[in-house]
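Down below is the structure, laid out as structure tokens.
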Amino acid sequence: MADSISPVRKQYLEIKRQHPDAIVFFRLGDFYETFDQDAETAARELEIVLTSRNVAKGVRVPMAGIPHHAAESYLAKLISRGFHVAICEQVGETPVDGLFPREVVRVVTPGTVLEPGLIPGVHNNFLAAAVSGPDGQGFAFVDITTGEFFAAQATEAAAHGFVRHELARVSPSELLVPEEASLESEWSGHITVLPVWKFDPARAEEKLKEHFGVRTLDGFGLGGLTHAIGAAGAILDYLQATQPVALALLSGLSAYGPSDFMALDSATRRNLELSETLRTGEVQGSLMGVLDATMTPMGRRMLRQWMGKPLLDRDRIETRLDQVQSFFDDGLWRAEVRQAMKRLSDLERLTNRVASGLAGPRDLVHLRDSLEQIGGVRNLVDGKDPALDSVVSEIDPCPPVSDLVRKAIVEVPPATLAQPGVIRPGFSQELDQMVDSTRQARDWIAGLEATERERTGIKSLKVGYNKVFGYYIEVTRAHADEVPEEYIRKQTLVNAERFITPEMKDVESKVVAAEERIRDLESEIYRRVCSDIGAHAPQMLRTARAVARLDAVSGLAEVAALRDYVRPEITEGVEMEIRDGRHPVVEGRAGAERFVPNDAVFEEGERIRILTGPNMAGKSTYLRQVALIVLLAQMGSFVPARSARIGLVDRIFTRIGAQDEIYAGQSTFMVEMVEAANILHNATGRSLLILDEIGRGTSTYDGLSIAWAMVEFIHNHPRLRSRTLFATHYHELTRLAEVLPGVRNYNVAVAEEGGRVVFLHRIIPGGADRSYGVHVAELAGLPRPVIHRAEEILSDLETEARTATPHRSEISQQLALFPQEDPLRAELEGLDLDGLSPLDALNKLFEWKSRFAGDDKRPADRQTPATPA
Ligand code: ADP
Ligand code: MG
């Protein structure tokens, strides 16, 4: 039986054996064919016809194929659904034992696509790898279309959640993990599991050193970072197996530290609507939607990266701010530079397409045009401002590249090399001679119609061409008898006859053969040109990144100028002094009333700001605006405020309620508590906490108690004491300010005009006294009788509350833990800590413990049930 299997089937099975996890696209003529299980998958996913093929006598297997020239869109579909596709091509021109050799030239996976149609221009397409061990975690990621390759690790204590944060930040299309690493739970995106040994640091180090041609990885800042090396090595190994052409582009690897960038967990990224809105998932309405005034795809990607990883290093922030400033200060010049950048193509990706051999003739022309434009950009910026010198010095318009393209490629080349006429006359003598030699023959054919009409006297005689018989002479039926003897009849149509002549066929075969030779020669010359250009890839990539940077900073300057932003002052302290801050997105929202700016100025010692106020007053907007201003400042942007002085924030945490629609099916309260736990475990004294309506997802008293305890914890725990904004509808929380010195109350001003409530959106000191919920209900259009009845009930309830209901006194008892006239407190305040030895302190504690023992077990037992006013 096995003997009867056709040779091509054997070849297929051998290849499939090496790629069991991928769908194999097996090239047969003009088609990529899939077989067996793959064919069933392909037919289902791509909605193509499932047929079958004879592979041995009486044996048929399922088969489904797609035309090779249309492969890109089919590939896109399969990749987006999480499949890997192994592209198996015919290699070589000569059959061996009647069979063309075939091999898999690359495996396309979500993280390794190069086709421009398969990847969005606005983001990077990252392939990432992660490892996790008892002593740390490593993470690496690469964009093979732009050549950016990064690795980092966090060890021991710092490792907690490192990979998860990096995944949230980088958002790769594909993640490589070792078997049994239990990292799968960290990422819901596409995961490819590889054998553990592929991540082995020693092996990885050897591979990386070999690839980069270096003796040590210290130069990349990776010395000794075994986890980072393991992850980076796994990526390299994976690319070698799947996408070897991409390796040419990986010219460097940068290490970064987990402490280089502000940590933003995925909940915070979502809540702050950085690159897409919560509701619609669109860029429009997100921070990116406001901030992106870039002119080029590479500038846009850089801006996105900056927004995803605000800086922690003051000098680096100041450098960016200086660069934004220089564009901010000169609007005319800014417009000129931006105009000059407008027509630049995606230089980063073009370069990589050339280097990986995927560039078509038109790509080269775009590359040339862009490089020539870039010379103009550089001249405009050169010498303008010292802040930009380091960027300008990286820009190299690579004149040898544009010269070469100009000399070698015609001005408007065909889309692919399949058509002749890509190489410019004069570039290759050999090619020119070849073209010349066929000219005579081609001229002869071109003139044939005229000559034959004259010779035969048949006016309607035509010369045509089709794929089946090549050139032919067509004569209408009426004149068919008048043709000369040497005409050979080839085809009869309804109204016409088609003929050929031996001479014609002779010339034609000369032309066809020559054209084939010309095409081969053109391809050869083209490949040489591409490889010469590829040699400049590192300069071109550096140039692309420098231009991206100019684009990003000038775009930020444009936004700052148009929207009246101000340069923030960054300090190493824990200040928070935003004056007349605005929400960057809400302020510009079409149809909105005029936006009311608000301060966020923390006094000396102020840690926690509790914000009460009715629904729809603007609490959430205020909280988010503070977070966004901090984030903008640390990414190096100007900020929407009159002035801002901000002590570096290491992390922004947000817990923002009411996301029921996002977590449909999950317990909202559970989600809320998980996020709250994360904040309390990981926040530091440098963090900014944005807590909006904590405890809303549960019963009032549960919620209130949890909110209360959280504020106390943040206030008192030595690791936290974080700058915190806490919006709440629990008025009871305002009493915390009476007992915790770092807590301040604020509320949103409301005016009542003739029984109507007007929200002023102004944040003012003090706690809110009423919730105005009924007024909001009225605004929402609840029927009159319901509103009136609600007012009655509210009034009754309020009277009842004043005559101390049991739950009211519970709160009072909690407050009684910190009565103003507490003797212990008085003694504590009188204690001179500087003059106290550790032993004295311990003795003091023992004394208090014995004096007050038992008192603090149950609040109700306390002797001083003082109720604060
Ligand atoms: P809350 O959280 O107090 O319920 P929001 O922050 O959601 O209120 O704001 C409700 C609406 O009020 C927003 O959609 C916005 O249109 C408007 N708003 C909020 N803050 C301001 C402001 N400072 N100036 C003008 N309008 C504002
Ligand atoms: Mg709100």
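The values are calculated or read from the model by the stated rules, or taken from the named source; none is laboratory data. Only a predicted model underlies this, so the values are computations on that prediction, with no experimental measurement involved. Quick reminder, even Gly has a Cβ in these numbers, built from the backbone with ideal geometry, and neighbours come from all protein chains shown. The area values use the complete protein model at the heavy-atom level, side chains included, leaving out ligands, DNA and RNA. Shrake-Rupley method; radii C 1.70, N 1.55, O 1.52, S 1.80 Å.
With respect to Glu603, determine if the residue is under 30 Å from Ser637 (Cβ atoms), open to solvent by 10 Å² or more (accessible area, probe 1.4 Å) and at pLDDT below 95. Yes. Looking at this structure, is Glu587 out of contact with any strand residue (DSSP E or B) (no Cβ under 7 Å at 6 or more places or on another chain) and either part of a helix (DSSP H, G or I) or within 16 Å of ligand 2 (Cβ to nearest atom) (or both)? So Glu587 fits the description; yes. A residue that is farther than 29 Å from Arg320 by Cα, more than 27 Å from the chain's Cα centre (by Cα), more than 16 Å from ligand 1 (Cβ to nearest atom) and open to solvent by 10 Å² or more (accessible area, probe 1.4 Å) can be found somewhere in the stretch 535-547. Listed by position, the helices (runs of 4 or more DSSP H) inside the stretch 396-510 whose residues that are basic (Lys, Arg), at negative phi and in contact with a Lys or Arg (Cβ under 9 Å, 6 or more places away or on another chain) number at least 2 are 399-408.
Of the residues in the stretch 704-740, how many are farther than 16 Å from Thr654 by Cα, assigned to a helix (DSSP H, G or I) and within 16 Å of ligand 1 (Cβ to nearest atom)? Count: 3.
Taken together, Arg609, Arg696, Arg645 contain a single residue that is modelled with pLDDT of 95 or more and surrounded by fewer than 18 Cβ atoms within 10 Å (Cβ to Cβ), which is Arg645.
Of the listed requirements (1) away from ligand 2 (no atom under 16 Å from the Cβ); (2) touching a residue at least 12 places away in the same chain (Cβ under 8 Å), Glu593 misses just one: (2). The residue that is modelled with the lowest pLDDT, among those in the stretch 456-497 that are over 24 Å from Val435 (Cα atoms) and under 60 Å from the mean Cα position of the chain (by Cα), is Val468. Would the stretch 692-699 turn up any residue that is touching a residue at least 60 places away in the same chain (Cβ under 8 Å) and more than 16 Å from ligand 1 (Cβ to nearest atom)? Among the residues of the stretch 692-699, not one is touching a residue at least 60 places away in the same chain (Cβ under 8 Å) and more than 16 Å from ligand 1 (Cβ to nearest atom), which makes the answer no. Of all residues in the stretch 251-269, those satisfying the criterion of being within 18 Å of the chain's Cα centre (by Cα) and buried (at least 19 other Cβ atoms within 10 Å of the Cβ) are Phe261, Met262, Ala263, Leu264, Asp265, Ala267, Thr268, Arg269. For Leu628, the criteria (1) open to solvent by 50 Å² or more (accessible area, probe 1.4 Å); (2) within 16 Å of ligand 2 (Cβ to nearest atom) hold in every case but one, which is (1).
For (1) outside any loop (DSSP other than H, G, I, E, B); (2) farther than 30 Å from Leu350 by Cα, each residue gets a yes or a no:
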position	(1), (2)
Thr543	yes, no
Val547	yes, no
Leu550	yes, no
Ala561	yes, yes
Phe595	no, yes
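When restricted to residues that are among the hydrophobic types (A, V, I, L, M, F, W, C), away from ligand 2 (no atom under 16 Å from the Cβ) and not in a strand (DSSP E or B), the stretch 599-625 contains 1.
The single condition among (1) touching a helix residue (DSSP H, G or I) at 6+ places or on another chain (Cβ under 6 Å); (2) aliphatic (A, V, I, L, M); (3) open to solvent by less than 40 Å² (accessible area, probe 1.4 Å) that Ala248 does not meet is (3).
A single member of Arg362, Arg368, Arg353 is within 29 Å of the chain's Cα centre (by Cα) and either over 18 Å from Val412 (Cα atoms) or among the aromatic types (Phe, Trp, Tyr) (or both), and it is Arg353.
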